[in-house]
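Since every read-out is calculated from the coordinates, none of them should be taken as a lab result. Given the structure is predicted, the values throughout are model-derived calculations rather than measurements. Glycine gets a Cβ as well: all are built from the backbone with ideal geometry, and neighbour counts include every protein chain shown.
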Amino acid sequence: MSASENIQVPAPAIRSKPLLLRHLPYFIGVAIVVALAARMQFDGYVHNILMQATTFSIAVFGLSVVLGLCGQINLAQAAFFGFGAYAVGIGTTDWHLSFWLCLVAGSVIALLAGAFLGASTLRLGGHYLAMVTISFQQIVTLVMINAIWLTHGPDGVSNIGRPALFQSSQSYLAFCVAALGIVGYLVWHLPDTRLGRAMRAVRDNELAAGVNGIDVFRTKVYAFAVCAALGGLAGGLFAGGFAYVSPDQFSFAESIVFLTMSLLGGVASPIGSAIGTGLLILIPEWLRFLKSVPGLYLAIYGLSVILIIRFMPDGIWGFVSNAFTRLRARAKAPPAVAALQLRPATTGGNIVLEVTGLSKHFGGLKAVDGVDIAVRRGGVHALIGPNGSGKTTTLNVLSGLYKATSGKIVLDGTDITNMAPHQRTAAGLGRTFQNIRLFRSMTALENVEIGAERPGNTMIGKGDDALTERAMEALTFVGLGSRANELISSFSYGHQRLIEIARALASNPTLLLLDEPAAGLNSTEKLELHELLKRIAAQGLTILIIDHDMTLVSEAAQHITVLNFGRRIADGESLAVLRHPDVVSAYLGSE
């Protein structure tokens, strides 16, 4: 638990290098592949396979963003692919526009369509979202078939133009390979950006993402828009490569193919997307010798896909990368960082949280009924009561997960009553949960970095190094700095609680809400938690805690509010409240 404990961070010398210099070998490799594609002579059959694999991979990269990073289903990628293809096809043949202008226009049209589809449907989620994207895909296909005046109908568009610099098949393939390399690089590094971390947090736990300052809905829309834009870009390149497009190339069946490619290689990585795309294009070619036997080719093809997905649920690349991730986590050196400094805001006077007449009704059930709470700055305030008394409901209303039926909530002088969870976090509210809500696919460090990125935090704008340092300080503060690069699954239940607290502390909140932090902890872990609360309070951070452990509450809290059946029955100095007859009766019975 020492604040001076060594922790694991990437070496400063490496992080200080410009991003492009750090990945110069990658671009050299891409340049070599592009040169080979431009100089090597392929027959028409091989060229078509390579062109299809290259353009399809870019479209599948989009699915690695929306599905792999953000966890949102999209079964309309072929429609966005078609937008880009028809923009290039119609623009270069019917309107005689520049290929580059048509390529950009197709990508923008797809992006806007994706953003619109996402904004209008993403509040549904789950299988409802899948149904809506399927319907959108079917509508787009019908328009392509029947809007003959625009799309040429079932006959499609032929004689599609290419840019003057890339008229030959070899040079155009080289251009597409270069585009694949650039897009792949951007998608590969997206998870390490603020937007990418927000997407991963939304995928793992939307509730926790919201209370850690992430606008969940906007993040989903961004993911859908990026996915659609990549689909449009890929479609435009496809149209230029094959010089012909028709509606049957952009049907719902193609969307399923894109999805299968993504799942097969590994949905969370562009490398996996490229592997899956290559396999689904090449496997049928490898099995061509079986086509003379009716049904056998399709049976082996389908069985191969099923076996890979069954025994490698994270895809081929996911299976490989998980093993390397464990090795890298063990090999990293642990340099030291400074101790965590909490600097809560002090703009609203002596009262940090003022709750007046707070009520939350579920139909006829009054879970919270006219509760008043005043939390003083710099202390530990406990909210206690028997099971079912409305404590967690009160915390959920305070943090914005439930909308108050009536009442007013003022945080540090700001009325947050009608704010969304991420807006309350930006206003200075930090929170943990009774049932731990961590982002399971991330390391401890990445989880805490999400907290450090809270809108309004002084760390924002100082760069990734400052955010990482803040996250490391928070992990060190709770005693887990040396395990910063380990995945959440490797931590015990008690240590996961500490990581959740570290995530909240990294955001530098004005008020920290702790929902039963001692639940599930053994006696030793409870003692460590008590010491941690003392160190937090010693830095002036205000804490509102819910817990059933009366020993912890009586020793840590200076002020206690007691609820019973949704109403406040006592409020005041800790020892006096615990001896209050109504409190004793609520906990032990009137006898």
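Under the Karplus relation 6.51 cos²θ - 1.76 cosθ + 1.60, θ = phi - 60°, what is the ordered set of whole-Hz ³J(HN,Hα) values for segment 242-254, x standing for Gly and Pro?
Ordered by residue, 3J(HN,Hα) equals 9, 6, 7, 9, 8, x, 5, 7, 10, 8, 4, 4, 5 Hz.
Please state the charge dipole magnitude for segment 18-251, taken about the Cα centre, from unit charges on C-beta atoms (+1 on K and R, -1 on D and E), reported in debye and rounded to the nearest 20.
That gives a dipole near 580 debye.
Compute the long axis of helix 315-331 from its Cα atoms, compare it with the longest principal axis of the Cα atoms of the chain, and write down the angle in degrees, 0 to 90, nearest 10.
The answer is roughly 50 degrees.
Could you work out the relative contact order of the chain, using alpha carbon pairs under 8 angstrom and six or more residues apart, expressed as a whole percent?
Details: 1147 pairs, mean separation 109.1, N = 591.
Result for the chain is 18 percent.
Return a whole-number percent for the relative contact order of segment 18-251, with Cα pairs under 8 Å and 6 or more residues apart as the contact set. Present the calculation step by step, with values, prior to reporting the outcome.
Values: 371 pairs, mean separation 98.9, N = 234.
The normalised contact order for segment 18-251 reaches 42 percent.
To the nearest 20 debye, what is the magnitude of the charge dipole of segment 474-591 about its Cα centre, counting +1 on the Cβ of each Lys and Arg and -1 on the Cβ of each Asp and Glu? If you can, show how the numbers build up before the last one.
Working: 9 positive and 14 negative charges, 56 e Å.
Around 260 debye, computed over segment 474-591.
Rounded to two decimals, what ratio of Rg to Rh does segment 446-591 give with C-alpha atoms and a Kirkwood Rh? Numbers along the way, then the final one.
On the way: Rg = 17.6 Å, Rh = 16.8 Å.
Answer for segment 446-591: 1.04.
List the trypsin sites (Lys or Arg not before Pro) in segment 358-460 that DSSP assigns to loop (not H, G, I, E or B) and whose Cβ has at most 16 other Cβ atoms within 10 Å. Which are they? Each step should come with its number before you reach the end.
Numbers: sites: Lys360, Lys366, Arg376, Arg377, Lys391, Lys403, Lys408, Arg424, Arg431, Arg437, Arg440; in loops: Arg377, Lys403, Arg437, Arg440.
Taking segment 358-460 and a limit of 16 other Cβ atoms within 10 Å, the loop trypsin sites (Lys or Arg not before Pro) found are Lys403, Arg440.
If you place +1 on the Cβ of every Lys and Arg, -1 on the Cβ of every Asp and Glu, and leave all else neutral, what size is the dipole of the chain about its Cα centre, to the nearest 20 Debye?
Working: 43 positive and 38 negative charges, 105 e Å.
Around 500 debye, computed over the chain.
For every other residue with a beta carbon closer than 12 angstrom to the beta carbon of Arg377, add +1 if it is Lys or Arg and -1 if Asp or Glu, then tell me the sum. Show your work: numbers first, answer last.
Values: positive: Arg376; negative: Glu354, Asp412.
Its environment carries a net charge of -1.
If one takes the longest principal axis of the Cα atoms in the chain, at what angle in degrees, from 0 to 90 and to the nearest 10, does the Cα axis of helix 296-311 lie?
20 degrees
So, in Å, what gap is there between the alpha-carbon centers of segment 52-122 and segment 542-591?
Result: 58 Å between the Cα centres.
Relative to 2.2 N^0.38 Å, what does the C-alpha radius of gyration of the chain come to as a ratio? Two decimals please.
Values: Rg = 28.2 Å, N = 591, 2.2 N^0.38 = 24.9 Å.
Dividing the Cα radius of gyration by 2.2 N^0.38 Å gives 1.13.
Would you mind getting me the FRET efficiency between Trp149 and Leu97? Use the beta-carbon distance for r and R0 = 25 Å, nearest 0.05.
Numbers: r = 18 Å, r/R0 = 0.72.
Efficiency for this residue pair is about 0.90.
Given H placed on each backbone N at 1.01 Å, which residues far from Leu383 in sequence or on other chains put an amide H within less than 5 Å of it?
Amide H neighbours of Leu383, under 5 Å, 5+ apart: Ile545, Ile546, Asp547, Thr561.
Answer with one residue from Gly236, Asn435, Ile139: the one whose Cα lies farthest towards the positive end of the charge dipole of the chain, charges on Cβ with Lys, Arg +1 and Asp, Glu -1.
Of the candidates, Gly236 comes out farthest on the positive side.
Tell me the angle of helix 99-121 to the major Cα principal axis of the chain, expressed in degrees between 0 and 90 and rounded to the nearest ten.
40 degrees
For a test of understanding, tell me how many lysine pairs in the chain have Cα atoms under 27 Å apart, given they are 8 or more places apart or on different chains.
Lysine pairs, 8 or more places apart or on different chains, close enough: 16.
Local charge sum around Ile545 (other residues, Cβ-Cβ under 9 Å, Lys/Arg +1, Asp/Glu -1)? Walk me through the numbers before you get to the answer.
Details: positive: none; negative: Asp515, Glu516, Asp547.
So the environment of Ile545 carries a net charge of -3.
Could you give the alpha-carbon Rg of segment 360-510 over 2.2 N^0.38 Å, rounded to two decimals? Before the final figure, lay out each step's value.
Details: Rg = 16.8 Å, N = 151, 2.2 N^0.38 = 14.8 Å.
Normalised Rg, Cα atoms only: 1.13.
Distances longer than 33 Å among the Cα atoms of segment 18-251: what percent of all pairs is that?
Working: 5546 of 27261 pairs.
The calculated P(r) of segment 18-251 puts 20 percent of pairs beyond 33 Å.
Just flag the trypsin sites (Lys or Arg not before Pro) in segment 462-528 sitting in loop per DSSP whose Cβ has no more than 15 other Cβ atoms within 10 Å. Working shown, then result.
Details: sites: Lys462, Arg470, Arg483, Arg497, Arg503, Lys526; in loops: Lys462.
Those that pass, being in a loop and sparsely packed, are Lys462.
Tell me, what HN-Hα J-couplings in whole Hz come from the Karplus equation 6.51 cos²θ - 1.76 cosθ + 1.60 at θ = phi - 60° for each residue of segment 152-163, using x for Gly and Pro?
6, x, x, 5, x, 10, 10, 6, 6, x, 10, x
Give a quick list of chymotrypsin sites (Phe, Trp or Tyr not before Pro) in segment 77-169 that DSSP marks as loop, anything other than H, G, I, E or B, with at most 16 other Cβ atoms within 10 Å.
Values: sites: Phe80, Phe81, Phe83, Tyr86, Trp95, Phe99, Trp100, Phe116, Tyr128, Phe136, Trp149, Phe166; in loops: Trp95.
Taking segment 77-169 and a limit of 16 other Cβ atoms within 10 Å, the loop chymotrypsin sites (Phe, Trp or Tyr not before Pro) found are Trp95.
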